[in-house]
């Protein structure tokens, strides 16, 4: 997942189980490992029976596609490769002079899921990428191993259990200056996730691109937001909504957040002003 | 032909007489007290200026004077410390039970994992920093 994972918990046993959870998630869902279950599915030319974990993730992904009206769509694997994101990100590693051919637009809803057999039928032009939700999902699974109060932070996607009287203090990094904190939130028994396009950026044939794809255009999203931080009951939901709101922009993104009774967000517009919405109150 | 002496004499007497009269007049006026000398001052200058001011005022009264520019202090640029930045409070915090029961699928982990040492949770909860994935 190309992220550092920090765990604040009691007991070595919990730490080992949490680490195992991340290791297995990486081996199963990584787009950059040719032997991962996901890439086996993406190469399959016939219906494939997958593991329980994989099938559950695909079912959840379909639910999020419907929840976001297709703004969140895991069928962007081929598009990401066409945009240049064909290997694990590192600054400068994706830069190149020449562009590649655009991918055929794909929809995750075209993937058939057979619940009885755990069988997945994938159209040949659909390449699945679960990067928009799998880190949050893994953090949720790992957090189940926390014995009591504790937190797991995986590259900015975090679950916080308990938190005492005041709750956990979450610092929201300034996307323009990572040494600064632009806002703070107090949370208890909540998850947070942040999406921005300031780090995972690269240049192809002179044009700037980033990793958050707008399925409607099959290009890197253009938006009036610099950064989105979502607070939700689960890190998976926060992860999905953070990317979706980023693509939608401030106005429609705020509407999406406020449709959920238990979700809040802090939006950083391109002019630098933070906007709170949903359950997050200033 | 040479001017006769009687003619020259008569001219000289005339010239000298005129000079004496002029000199006498200058001497006379220098001794006259100045009170008798009237100095005419330009009278309407102030009155004219007052008229101009009033006229200017009546003309400009139709248009409101522009407000003076508001001087705003130069905004401070500061780096907010965590305890001075806005604090957003989550409404209705809820206890959320674990959503997923962890199950381990039969996947063999080929490489041994390094041992990780935990720090126990203390009474203070360290801040969590959220940002986009690196």
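Observations, loosely collected:
To keep it simple, each residue is scored yes or no on (1) within 14 Å of chain B (Cβ to nearest Cβ); (2) within 16 Å of residue A:64 (Cα to Cα); (3) under 15 Å from the mean Cα position of the chain (by Cα); (4) at pLDDT below 90.
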position	(1), (2), (3), (4)
A:215	no, yes, yes, no
A:223	yes, no, no, no
A:241	yes, yes, yes, no
A:246	yes, yes, yes, no
A:251	no, no, no, no
A:281	yes, no, no, yes
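- Evaluation of residue A:276 against the conditions (1) without any contact (Cβ under 8 Å) to a residue 40 or more places away in the chain; (2) farther than 26 Å from residue A:109 by Cβ; (3) not in a strand (DSSP E or B) shows that the sole unmet condition is (3).
- Whether a residue is more than 8 Å from chain B (Cβ to nearest Cβ), closer than 25 Å to residue A:51 by Cα, modelled with pLDDT of 90 or more and surrounded by fewer than 21 Cβ atoms within 10 Å (Cβ to Cβ) was assessed, and residue A:117 passes this test.
- The single condition among (1) under 30 Å from residue A:253 (Cα atoms); (2) touching a residue at least 12 places away in the same chain (Cβ under 8 Å) that residue A:50 does not meet is (1).
- Among the criteria (1) in contact with a strand residue (DSSP E or B) (Cβ under 8 Å, 6 or more places away or on another chain); (2) not in a loop (DSSP other than H, G, I, E, B), the one residue A:179 does not fulfil is (1).
- Single unsatisfied condition, residue A:252 versus (1) in contact (Cβ under 8 Å) with a residue 24 or more places away in the chain; (2) surrounded by fewer than 21 Cβ atoms within 10 Å (Cβ to Cβ); (3) in a helix (DSSP H, G or I): (1)
- Selection of first residues in the range A:60-73 that are closer than 18 Å to residue A:234 by Cα and of second residues that are at pLDDT below 95, restricted to Cβ pairs under 7 Å at least 6 apart or on distinct chains, gives the following pairs, ordered by first then second residue: A:72/A:132.
- Within the set A:203, A:227, the sole residue that is under 22 Å from residue A:129 (Cβ atoms), more than 12 Å from chain B (Cβ to nearest Cβ) and part of a strand (DSSP E or B) turns out to be A:203.
- From A:183, A:151, A:158, A:144, residue being under 16 Å from the mean Cα position of the chain (by Cα) and either within 7 Å of chain B (Cβ to nearest Cβ) or crowded, with 21+ Cβ neighbours inside 10 Å (or both): A:158
- Residues that are facing another protein chain (nearest Cβ under 8 Å) and buried (at least 16 other Cβ atoms within 10 Å of the Cβ) within the range A:4-25 comprise A:7, A:8, A:9, A:10, A:11, A:14, A:15, A:17, A:19, A:20, A:21, A:24, listed in sequence order.
- In the condition set (1) in contact with a strand residue (DSSP E or B) (Cβ under 8 Å, 6 or more places away or on another chain); (2) under 24 Å from residue A:214 (Cβ atoms); (3) surrounded by fewer than 24 Cβ atoms within 10 Å (Cβ to Cβ); (4) facing another protein chain (nearest Cβ under 8 Å), residue A:192 is compliant with all but (3).
The values are calculated or read from the model by the stated rules, or taken from the named source; none is laboratory data. Predicted model, so just to flag it, every value in this text is computed and none were measured. When we count neighbours, we look across all protein chains shown, and the Cβ atoms used for this are built from the backbone with ideal geometry, even at glycine.
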